[in-house]
Amino acid sequence: MSESTAGNLGQGIHVPEGAGPDVVEAVEGLYTRGVIARQGAFSRAWATRMREDIDVAFVEALARPDGAVGRGPKRYYVEIHPEQLRGWVDLVDHPWVRMVSESVLGPDYEIVELGFDVPGPGAVNQPWHRDFPMPAETREGGRLTSLAFNLTAVDTEEDMGPFEIAPGTQWDLPEGFDHGMFPPTSAYPRFEALAERKYPQLGDISARSALTIHRGTKNGSQKSRPVLVLGIDAPGAGNAEHHAMQVTKAFYDSLSERVRRHVVCPVVDELIPITQKHSIEGLMMGAA
């Protein structure tokens, strides 16, 4: 697919040539603000089943060594296999997910991650961060090479520790960032001035550049706020090596060709429970 470059943000907006208005809106949103959303993409019944599957997987993960990884006090991340989520095909084959992925990452985008975050009661503010260091292709070529799709498993309320994001910061150069991910505290006032809190409801979905500076906030309620995470890469982005997703041969064979061509994980006879690999040490203690 040929592309034209529009805009002048230091990086440029890579809009596919001949794109329709939905594609232009998605690409411009991710290249400018760094986050977009589609309300009511799924039914509340579908999202409720997703919550049920998250709850089952969370209990299983906590019961075995390294089944869950800490992302701060009272906050966990668990990676799961597609077959642990009954609606996985509905998710990855949703027209909006396909449109956003192809428009930003190209027609050969790769599905590399499925997991969920659980900020429980007592979770504290995370430090402002991005999910991984800025790739050379982004820094030198001004291209986004990875997207994180998020789906809430609850109706988000103010006291549940809403997700907070600083739009436009996906282009912040990482000078002074610890491990290329954690900006200095001297930059926090700027992020707080930019920050937007998000209050998604069951059935909503968002997409963001994982480079956009963000944090989870303090959960002062007695309720958990689980959020599903779907990670999708452009070819060669390399994030798959940080994850351990697998599918069985029977499941793989059941997929349509349209879905199967984006599955790049190992195809196995039997699934192996995931030992969490994507640890982010800087999040372990919460914000200073």
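The values are calculated or read from the model by the stated rules, or taken from the named source; none is laboratory data. On a predicted model such as this, the values are computed, not experimentally measured, just so you know. FYI the Cβ positions are ideal-geometry reconstructions off the backbone, even for glycines, and counts take in every protein chain you see.
Numbers for the structure displayed
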read-out: Any hit, the range 172-192, residues being basic (Lys, Arg) and in a loop (DSSP other than H, G, I, E, B); value: no
read-out: Residue in the range 223-242 that is at pLDDT 90 or above, farther than 23 Å from residue 104 by Cα and hydroxyl-bearing (Ser, Thr, Tyr) present; value: yes
read-out: Unique match (being over 17 Å from the mean Cα position of the chain (by Cα) and either surrounded by fewer than 22 Cβ atoms within 10 Å (Cβ to Cβ) or under 27 Å from residue 88 (Cβ atoms) (or both)) among 202, 194; value: 194
read-out: Matching residues in the range 27-54 - criterion: being among the charged types (D, E, K, R) and free of Cβ contacts under 8 Å to residues at least 40 places away in the same chain; value: 28, 49, 52, 53
